[in-house]
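Read through the structure below, which is laid out as structure tokens, and then see the notes.
Taken together, the values in this text are just the output of simple stated rules run on the coordinates, not laboratory data. All of these numbers come straight from a predicted model, not from anything done at the bench. Neighbour counts are summed over all protein chains in view; Cβ atoms, including those assigned to glycine, are modelled from backbone coordinates with ideal geometry.
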Amino acid sequence: MPSWNIIQAVNDALRVEMRRDPRVVVLGEDVGKFGGVFRATLGLIEEFGADRVIDTPLAEAGIVGAAIGMAMYGLRPVPEIQFSDFIYPAFDQIVNELAKLRYRSGGQYSAPVVIRTPAGGGIKGGHYHSQSPEALFIHTPGLQVIYPSNPYDAKGLLLSAIRSDDPVIFMEPKRVYRAAKGDVPEGDYTIPIGEARVVREGRGMTVIAWGAMLHEAEQAVGQLPELDAELIDLRTLWPLDIEAVVGSVSKTGRCAIVQEAPRTCGFAAEIAALVQERCFPRLEAPIARITGWDTPFPYALENDYLPLAPRILHKLRELKDYEA
Amino acid sequence: MQPLHKLETPPLPREILLRIYREMVRLRTLDERMMTLQRQGRVGFYGACTGQEAATLASAIALEKSDWIFPALREGGAMLLRGFPLVPYLCQIFGNAGDETKGRQMPSHMASKSVHQVSWSSCIGTQLPQAVGAAMAAKIKGDRTVVAAYLGDGATSEGDFHVALNFAGVFKAPVVFICQNNHWAISVPSSKQTASESIAIKAQAYGFGGVKVDGNDAVAVHAAVKQAVDKARSGGGPTLVECETYRIGAHSSSDDPTRYRDEREVEQWRKRDPLDLLRGRLQSWGIWSAREEDELRAKVLEEVNAAIAEAEKKPEPPRESLFEDVYSVLPWSLREQREELLASPPAGKTSQ
């Protein structure tokens, strides 16, 4: 089994599915000969040709809008938005069109589009190469949102996403694009959408994370075994694996959620609401949110912005010691 | 006002000309009845096609059955022309259980896969990049399909218009953009939308041809669109057809055009009513009589009224249908919310 990073796993997933399903096309800025600015589509144009690996004009609304039309017509487009910070010109096409098409047509039309987009900070990218906008899309009925943390999940979930009949925002954690390595099976396998993974079992507290921050949370809980933390990698953010979350918090009685996006109205807030609705009698401490700050993403102080392992550990100690 | 371009003999087979005319009369009648029903409180909203019937119908008839339409606000009538039945069409306007799209959208947002007329949103111009994508897909798959993308003059100011025409030009997509320049985007005249000498000329910037046509002359509209469709189908790429027409009525039932435009301008355009122009042509060619006109008007009114009576009887969509079609399968969150709604007291009939 090859040991791959996330980019290689994504690239392989695209190749596997394009070989299997002639309806799959890739489109976006620089995805052709250049293979994408992160090389996630490297080599695809040579194998599948310019009809299926399409370098588009520089217009995100056009990339997503065209993908919607292609999907309506029967293709399975996988557009790439070069950075999730650049997704906003396509926001109307995603939120008002892609997400609502099945509903507004009474189920007659659908657009099975998978929008791949590198997301999150930690690469010295400043405001516009660092944001993590998952909550905006989770808040939009009709979308599925996937945010894997490692190569194995990235490939298996991307294959599931392309086969799904509903649109997917597929966010790739660029901070660990190359750093997160792991064994990835060759050929075809899928990981079901909507299933979280328990990374580490424990009884002292539940720690929930996704994307690049999963690795920070893992480092934090590994440093202090007496936390006895159960670490959950959500992998799919929406639909949320509510059973995994509720089952774990019911067992541990304490819950922390780590997210790198700004705190207010972030996905951690929704998880906290769901947990208190379902686990209220079992909770032994307030639910902790360990998040990015409610500021634009900074260039110079990005490590102070991100909820990295030291800050996570600090908050988890407080959570452990909390007594009502 | 330009005079009608004279034609000594019919440029199209008699059946096609009469079909266009009959559909124009049916749409005019339908629009009049719907505006009345709206004022009576029986319909929530309505956007009439009045004055633009030639641009809508004589263009749509130039398409083949398998071609696709991405409509804007005033092209619902193209569905009827292409064989969609009147009763479910009206059920969309009533927003009831007889609507194929399950009462999900405001009136005048009808769609049906059966006639390849896709669902559209009220956001202006968003259908245009999608239309280009569908045309690109048809080309990739090697289909003969041509995509017709409709828009108004206001839509030409949107970014999506520029994006769509640019993509269409770059990829030589088999798409025909049909702009109904009706001179008014609600209250803003087309002179405030663009400083270009025409809308058609904008196509040049994207590397393909644009043509401006008398949008109230069904024969001219048909000829221009047919030529563009044939070109697209044979691999010649896109065309922008600007149909110069006029919105005789209000933008919608929520609008009052007397607040922003001169009634004398409307009167000038009434003299170029597309129904009158085509009827004049048909009569001059000796293929339409006053008796046939009377018979058609009576028949169409009867058909429309019977369909209204039948459509209006349908109940509201079932409450639980509110949660269907968000996704292909119902997720746990919507299952819970559906149970919550069904356990709540009924809110009563939706207000109009």
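Rg/Rh for the stretch A:3-183 to two decimals, with Rh computed the Kirkwood way over all alpha-carbon pairs.
Using only Cα positions, Rg/Rh for the stretch A:3-183 is 0.93.
Given Cα pairs under 8 Å that are at least 6 residues apart, what percent is the relative contact order of chain B?
About 21 percent, as a whole number.
Apply the Kirkwood formula to the protein assembly as shown: the hydrodynamic radius equals the inverse of the mean of 1/r over all pairs of different alpha-carbon atoms; give it in Å with one decimal.
27.2 Å
Taking the Cα centroid of the stretch B:193-243 and of the stretch A:102-160, what is the distance between the two, rounded to the nearest whole Å?
The distance from the Cα centre of the stretch B:193-243 to that of the stretch A:102-160 comes to 38 Å.
How big is the stretch B:47-88 along each principal axis, measuring the range of its Cα positions in Å and listing the largest first?
The Cα atoms of the stretch B:47-88 stretch 26, 24, 15 Å along their principal axes.
Need one word for chain A: rounded, prolate or oblate. Basis is the Cα gyration tensor (sqrt eigenvalues a ≥ b ≥ c); a/c below 1.5 gives rounded, then a/b vs b/c decides.
Prolate, because a/c is 1.5 or more and a/b exceeds b/c.
Can you give the convex hull volume per residue for the Cα atoms of the stretch A:197-321, as a whole number of Å³?
So the per-residue Cα hull volume is 94 Å³.
Counting other beta carbons within 10 Å of each residue's own, what order do B:Asp67, B:Asp255, B:Asp160 fall into, fewest first?
Fewest to most other Cβ atoms nearby, the residues stand as B:Asp255, B:Asp67, B:Asp160.
Between the stretch B:61-124 and the stretch A:248-292, what is the C-alpha centre distance in whole Å?
Between the Cα centres of the stretch B:61-124 and the stretch A:248-292 lies a distance of 45 Å.
Can you tell me what share of the DSSP beta bridges in chain A is antiparallel? A percent to the nearest 5 is fine.
Around 20 percent antiparallel, to the nearest 5.
Which value results for Rg/Rh of the stretch B:1-85 when Rg is the Cα radius of gyration and Rh the Kirkwood radius based on the inverse mean 1/r?
1.02
What does the charge dipole of the protein assembly as shown about its Cα centre add up to, to the nearest 20 debye, if the Cβ of each Lys and Arg holds +1 and the Cβ of each Asp and Glu holds -1?
It comes to approximately 1000 debye.
Which whole-number percent is the relative contact order of the stretch A:197-321 (Cα, under 8 Å, 6+ apart)?
Taking the mean separation of contacting Cα pairs over the length of the stretch A:197-321, I get 29 percent.
Say a site is exposed when it is one of the GluC sites (Glu not before Pro), sits in a DSSP loop, and has at most 13 other Cβ atoms within 10 Å; what is then the longest site-free stretch of chain A?
Answer from the scan: A:1-185.
What 222 nm value per residue comes from the helices of chain B, counting each DSSP H run with n ≥ 4 as -39,500 (n - 2.57) and dividing by all residues, nearest 500 deg cm²/dmol?
That calculation yields -13000 deg cm²/dmol at 222 nm.
Along the charge dipole of the stretch B:14-317, which of B:Tyr246, B:Ala97, B:Gly207 sits closest to the positive end, that is, farthest toward it, with unit charges on the beta carbon of Lys, Arg, Asp and Glu (+1, +1, -1, -1)?
B:Gly207
Taking Cα pairs under 8 Å and at least six residues apart, what relative contact order does chain A come out at, in percent?
This gives 16 percent for chain A.
Pull up all non-local amide H partners of B:Tyr150: gap of 5 or more, or a different chain, and H-to-H distance under 5 Å with H placed in the peptide plane.
So B:Tyr150 has HN proximity to B:Phe70, B:Ala72, B:Ile178.
Excluding residues on the same chain fewer than 8 positions from B:Lys6, give the lysines whose Cα lies under 22 Å from its Cα.
B:Lys212, B:Lys226, B:Lys271
Give me B:Thr245, B:Thr258 sorted ascending by neighbouring Cβ count inside 10 Å, so fewest comes first.
B:Thr258, B:Thr245
I'd like the antiparallel share, as a percent to the nearest 5, of DSSP beta bridges with both residues in chain B.
Expressed as a percentage, antiparallel bridges in chain B total about 10.
For the stretch A:162-240, which chymotrypsin sites (Phe, Trp or Tyr not before Pro) pass both filters: DSSP loop (anything but H, G, I, E, B) and at most 15 other C-beta atoms within 10 Å?
A:Tyr189
Starting from the Cα of B:Lys65, draw a straight line to each of the aspartates and glutamates and keep only those under 19 Å, dropping any in the same chain fewer than 8 residues away.
Candidates past the 8-residue exclusion: B:Glu15, B:Glu23, B:Glu75, B:Asp143, B:Asp230.
Within the stretch B:1-40, report the GluC sites (Glu not before Pro) that DSSP leaves as loop and that have at most 15 other Cβ atoms within 10 Å.
Filter output for the stretch B:1-40: B:Glu8.
Considering only DSSP beta bridges whose two residues both sit in the protein assembly as shown, what percent are antiparallel, to the nearest 5?
In the protein assembly as shown, DSSP labels about 15 percent of beta bridges as antiparallel.
Please find, in a Gaussian network model of chain A (springs between Cα atoms separated by less than 10 Å), the residue of A:Pro112, A:Pro77, A:Pro310 whose mean-square fluctuation is greatest.
So, out of A:Pro112, A:Pro77, A:Pro310, the one fluctuating most is A:Pro310.
So which trypsin sites (Lys or Arg not before Pro) in the stretch B:191-298 are both in a DSSP loop and have at most 15 other Cβ atoms within 10 Å of their Cβ?
Answer in residue order: B:Arg261, B:Lys271.
Helix-derived [θ] at 222 nm for chain A: sum -39500 (n - 2.57) over DSSP H runs of at least 4, divide by residue count, nearest 500?
-9500 deg cm²/dmol
Express in whole angstrom the spacing between the alpha-carbon centres of the stretch A:48-76 and the stretch A:1-38.
Cα centroid to Cα centroid, the span is 15 Å.
Taking a quarter of the surface of the convex hull around the Cα atoms of the stretch B:202-326, what do you get in nm²?
Value for the stretch B:202-326: 14.4 nm².
Based on Cα coordinates alone, diagonalise the gyration tensor for chain B, multiply each eigenvalue by 5, take square roots, and list the semi-axes in whole Å, largest first.
Largest first, chain B gives 33, 26, 20 Å.
Applying the Karplus parametrisation 6.51 cos²θ - 1.76 cosθ + 1.60 with θ = phi - 60° to the phi angles of the stretch B:37-43, what ³J(HN,Hα) value in whole Hz is obtained for each residue in order, glycine and proline being reported as x?
Per-residue couplings from phi come out as 4, 5, 5, 7, x, 8, 10 Hz.
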